[in-house]
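Before any comments, here is the structure.
The values are calculated or read from the model by the stated rules, or taken from the named source; none is laboratory data. Small disclaimer: the values here were computed from a predicted structure and weren't measured. All Cβ positions, even for glycine, are placed from backbone atoms using ideal geometry, and neighbour counts span all protein chains on display. Just the protein is used for accessible areas: all its heavy atoms, side chains included, with ligands, DNA and RNA removed. Shrake-Rupley method; radii C 1.70, N 1.55, O 1.52, S 1.80 Å.
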Protein chains: 2
Amino acid sequence: MSGQPAGLGSVLVVGTGLIGTSVALALRGHGVTVMIADQDPGAVRLARELGAGEEWAPGGARVDLAVIAVPPQFVAQWLLDLQKTEAARFYTDVASVKALPIAQAAQLGCDMTTYVAGHPLAGRERSGPAAARADVFLGRSWAYCPGPETSGGAVAAVLSLIDLCGGNAVQVDPVVHDEAVALVSHAPHVAASAMAARLAGASETALGLAGPGVRDVTRVAGGDPGMWTAILSGNARPVAEILEAVADDLSTVAAALRAVSVDGAAIGRVTDLLTRGNAGQSRIPGKHGGPPRAYAVVQVLVGDRPGELARLFQVAKDAGVNIEDVRLEHTPGLPLGAADLYVQPEAAEVLAEALRAHGWHVP
Amino acid sequence: MSGQPAGLGSVLVVGTGLIGTSVALALRGHGVTVMIADQDPGAVRLARELGAGEEWAPGGARVDLAVIAVPPQFVAQWLLDLQKTEAARFYTDVASVKALPIAQAAQLGCDMTTYVAGHPLAGRERSGPAAARADVFLGRSWAYCPGPETSGGAVAAVLSLIDLCGGNAVQVDPVVHDEAVALVSHAPHVAASAMAARLAGASETALGLAGPGVRDVTRVAGGDPGMWTAILSGNARPVAEILEAVADDLSTVAAALRAVSVDGAAIGRVTDLLTRGNAGQSRIPGKHGGPPRAYAVVQVLVGDRPGELARLFQVAKDAGVNIEDVRLEHTPGLPLGAADLYVQPEAAEVLAEALRAHGWHVP
């Protein structure tokens, strides 16, 4: 994170879906003046009622930063249109792919000095403004991709945005970004969907025997098909390459299983994939994976009230503790849940003490 | 569950892995005399030190029930050997596939009147006796497959076992069982492994952008490759069929993504899979899926101490409430976690009151 989030007095958020509205709510929580726009008047109205800001009127006063929160294919055109009217001093976007909007923006002749592409690694299975929360970015990575022409002012504005939203800024090359998210987000989404699709015709008996395993494997398949189609088509080649490799492995295992009764050695190909799966799974940072980064976990009980988690992060910040990742275990409809806060080991006790001192229940 | 768990004074558990040792611990908690056996003397010693029971001496007194907790391929031979020496009045197993051991037992000439095949739908990413817990079966389905020759006494013995372990007995045909678990457990395991295998060579940048989504998709890929190879080869055809269908879908999506830049209509095939994934995911019962069974959730804070969850289930039982499913959100190394208890809606308040009356913290 940067130091002082200075210089963001006013922000325009274009696109009041889940991410756009969440950005607006987070900024409003810090007193930023937020204007909102969406091609769907109902979405703007709902976001406004949620406290996300006031409806934007084109041609009004120039804002400090415009956050373009539309599907990846439409980012560049919005950037061009906004720059034509000098709607903002600086511009960023939050699309899940980065090479495509950057290339399109250059092609359209956008001013690349005032634009920094960005991507907060946050999301929920739900979508739309009603699912927005100011705290979805807390402790999550937020990739940003300055180009050779990007001005220092534009970078500072985006870092301020990330800081105000509570994200962890990660600078990355756009092509590297797209290959990375293909691997850790886009292809896993399709794999989960392909497995979940098999359950569409499952018997009640089979569903009755379903446990936490299949629930976890398929959870992300609940995401919005239209939104994910746009993401996948915007990152087509990297995702296709991974899916081809996954399909190959599954076909190999299927063939080995078919051959097992006549060729005992075939089973070695099954063990091989499972062993490679072990190796890959253990590299994922966080709760269920191994510790490529050995974080300590501080668990704290939090209420399901707006702003509660934000207050918690403020306590952490005031104590000088950086929260690297967060995992929430809220049950819908219940007022209390557990938050697992991932911090550097030496910071765990500092954080626990600070939280207790502010009345939080840290078991 | 059956009524009184009568008639199980002594039980032999063959195989002190995770499931065998967990069964032994659960039975010991109810005062059952438990004998344990394993081909690995170290595993027996460890299970014994964990309080799972005393080492079995072949030729000793006949027990009421023998629980054969070995890989599916070895169940029938163990059954035959135990029956030859009249080691037990009744026999069951806990293997993840059911048609194979039943067919092999019949082929070997086992006495099919005293044997009921069984399968508790429980497991953890870890394996071995050290990972065993008396409470892994609480609220989980436990499939059992009586055949045409099975005696009433044998069925009663297995129902008593399931009851003592806190599971929910589900009678099912063995072939139906195997196709069901291929769909909701075995194929998802391979799909998770195939996705996780892609991460084995992932860059640090990619791993740094990993979030809860990919973590969930690949979590089960952490399971023991040897154990899972045995399970998959014992259920080869049903698993192969599903994997072939999943691989086909992934290949179709990959081809559509490759074609997207020249054939706009190709993207429809991506949306189609995502939409089918939505439909399948929504059918999974429980926390992250839709409600084919609309359970209510009672959340309670539990300590990470042996027997704590068992005491909780006893309170539920005394209050006349059946817990349909349970999901634990423990963080390793921390003393407190949240348990989500799934009950019929009309039982939720009864359970919450009963738990509070016994000193549990129900938010």
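For B:R327, the criteria (1) basic (K, R); (2) modelled with pLDDT of 80 or more; (3) in the same structural domain as B:A352 (by TED's automatic domain parsing) hold in every case but one, which is (2). Summed over segment B:169-195, residues that are at the interface with another protein chain (Cβ under 7 Å from one of its Cβ atoms) and either among the β-branched types (V, I, T) or touching a residue at least 60 places away in the same chain (Cβ under 8 Å) (or both) total 7. Taken over segment B:341-355, the criterion of being open to solvent by less than 10 Å² (accessible area, probe 1.4 Å) and either charged (D, E, K, R) or assigned to a helix (DSSP H, G or I) (or both) is satisfied by B:L351, B:A352, B:L355.
For every residue, the table says whether it meets (1) under 23 Å from B:V34 (Cα atoms); (2) among the hydrophobic types (A, V, I, L, M, F, W, C).
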position	(1), (2)
B:P129	yes, no
B:A134	yes, yes
B:F137	yes, yes
B:A143	yes, yes
B:P148	no, no
B:V155	yes, yes
B:S160	yes, no
B:C165	yes, yes
B:V170	no, yes
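All conditions but one from (1) of a type outside the set (D, E, K, R); (2) more than 7 Å from chain A (Cβ to nearest Cβ); (3) under 27 Å from A:I284 (Cα atoms); (4) open to solvent by 20 Å² or more (accessible area, probe 1.4 Å) apply to B:I231; the one that does not is (4). In the set A:R198, A:R219, only one residue is out of contact with any Cys (no Cβ under 8 Å at 6 or more places or on another chain) and either surrounded by fewer than 23 Cβ atoms within 10 Å (Cβ to Cβ) or more than 7 Å from every other protein chain (Cβ to nearest Cβ) (or both); that residue is A:R219. Restricting attention to segment A:78-105, the residues being under 18 Å from A:H119 (Cα atoms), open to solvent by 10 Å² or more (accessible area, probe 1.4 Å) and outside any loop (DSSP other than H, G, I, E, B) number 7. Of all residues assigned to segment B:235-247, at least one qualifies as being open to solvent by less than 10 Å² (accessible area, probe 1.4 Å), closer than 30 Å to B:P101 by Cα and either in contact with a Gly (Cβ under 8 Å, 6 or more places away or on another chain) or more than 7 Å from every other protein chain (Cβ to nearest Cβ) (or both). Taking the criterion of being within 13 Å of A:V300 (Cβ to Cβ) and either polar (S, T, N, Q) or modelled with pLDDT under 75 (or both), the only residue of segment A:341-363 that qualifies is A:P363.
Residue pairs whose Cβ atoms lie under 6 Å apart, separated by 6 or more positions or on different chains, with the first residue in segment A:241-267 and closer than 14 Å to A:A194 by Cβ and the second among the charged types (D, E, K, R) and buried (at least 24 other Cβ atoms within 10 Å of the Cβ), are A:I242/B:R198.
Does segment B:58-72 contain at least one residue that is without any contact (Cβ under 8 Å) to a residue 40 or more places away in the chain and under 20 Å from the mean Cα position of the chain (by Cα)? So far as segment B:58-72 goes, no, none of its residues is without any contact (Cβ under 8 Å) to a residue 40 or more places away in the chain and under 20 Å from the mean Cα position of the chain (by Cα).
Looking only at segment B:256-274, filter to residues that are buried (at least 17 other Cβ atoms within 10 Å of the Cβ) and at the interface with another protein chain (Cβ under 8 Å from one of its Cβ atoms); which one of those is nearest to A:D216 (Cα to Cα)? My answer is B:L274. Would you confirm, using the coordinates I've provided, whether B:G166 is more than 7 Å from chain A (Cβ to nearest Cβ), crowded, with 24+ Cβ neighbours inside 10 Å and farther than 25 Å from A:N278 by Cβ? Considered against the rule, which asks whether it is more than 7 Å from chain A (Cβ to nearest Cβ), crowded, with 24+ Cβ neighbours inside 10 Å and farther than 25 Å from A:N278 by Cβ, B:G166 comes out as yes. Screening segment A:96-138 for residues that are small (G, A, S) and touching a Gly at 6+ places or on another chain (Cβ under 7 Å) and picking the one that is modelled with the lowest pLDDT gives A:S127. Looking across segment A:301-318, the residues that are open to solvent by less than 40 Å² (accessible area, probe 1.4 Å), under 21 Å from A:C165 (Cα atoms) and either more than 10 Å from chain B (Cβ to nearest Cβ) or modelled with pLDDT of 75 or more (or both) come down to A:V302, A:G307, A:E308, A:L309, A:L312, A:F313, A:V315, A:A316.
Of note, B:V44 satisfies the criterion of being open to solvent by less than 30 Å² (accessible area, probe 1.4 Å) and either over 22 Å from B:A156 (Cα atoms) or touching a His at 6+ places or on another chain (Cβ under 8 Å) (or both). Checking A:L65, A:L50 one by one, the residue that is in contact with a Leu (Cβ under 9 Å, 6 or more places away or on another chain) and open to solvent by 10 Å² or more (accessible area, probe 1.4 Å) is A:L50 and no other. Counting only helices (runs of 4 or more DSSP H) that sit completely within segment B:219-288, zero hold 2 or more residues that are among the aromatic types (F, W, Y) and more than 28 Å from the chain's Cα centre (by Cα). A:G31 meets the conditions (1) within 20 Å of the chain's Cα centre (by Cα); (2) open to solvent by 20 Å² or more (accessible area, probe 1.4 Å); (3) under 27 Å from A:Q314 (Cβ atoms) in every case but one. The failed one is (1). Against the conditions (1) β-branched (V, I, T); (2) buried (at least 21 other Cβ atoms within 10 Å of the Cβ); (3) under 28 Å from B:Q314 (Cβ atoms), B:V155 satisfies every one except (2).
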